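Written below as structure tokens is the structure these notes are about.
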């Protein structure tokens, strides 16, 4: 049981929730996660209108900044959200998993 909680905590650190900010804000977060935190996997999550921003972020990271980053998996789903009035609406969601192979430093 202790292993499950540590696994969940580790993956939570690698998740970036995409919202209304410009894509470059999230690009910086992804690059920081890969380089400073030393993660080999970053997950971008977005819902609704933010999906296009998440896709833009992943493509900017892959094409401009971290060219060895790969798309491991893309998950799409629908989530039911209840608003303050009690009405339920369906919202599309996406999860983009980017991976980067860790490079071994040459022994000097």
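A few points about this structure:
- By the count of other C-beta atoms within 10 Å, a proxy for reagent exposure, 52, 77 are ordered fewest to most as 77, 52.
- Computing FRET efficiency as 1/(1 + (r/R0)^6) for residue 67 and residue 13, where r is the C-beta to C-beta distance and R0 is 25 Å, gives about 0.55.
- Placing pseudo-labels 7 Å out from each Cα toward the beta carbon at residue 56 and residue 89 gives an inter-label distance of 2.1 nm.
- Global form of the range 10-99, assessed from the alpha-carbon gyration tensor, a/c cut-off 1.5: prolate
- Only Cα pairs under 8 Å and 6+ residues apart enter the sum, and on that basis the relative contact order of the range 10-99 stands at 31 percent.
- Likely footprinting exposure, 67, 99, fewest C-beta neighbours within 10 Å first: 67, 99
Values quoted throughout were computed directly from the atomic coordinates according to the rules given, and no laboratory measurement underlies them. Small disclaimer: the values here were computed from a predicted structure and weren't measured. For neighbour counting, all protein chains shown are included, and Cβ atoms are generated from backbone atoms with ideal geometry for every residue, glycine included.
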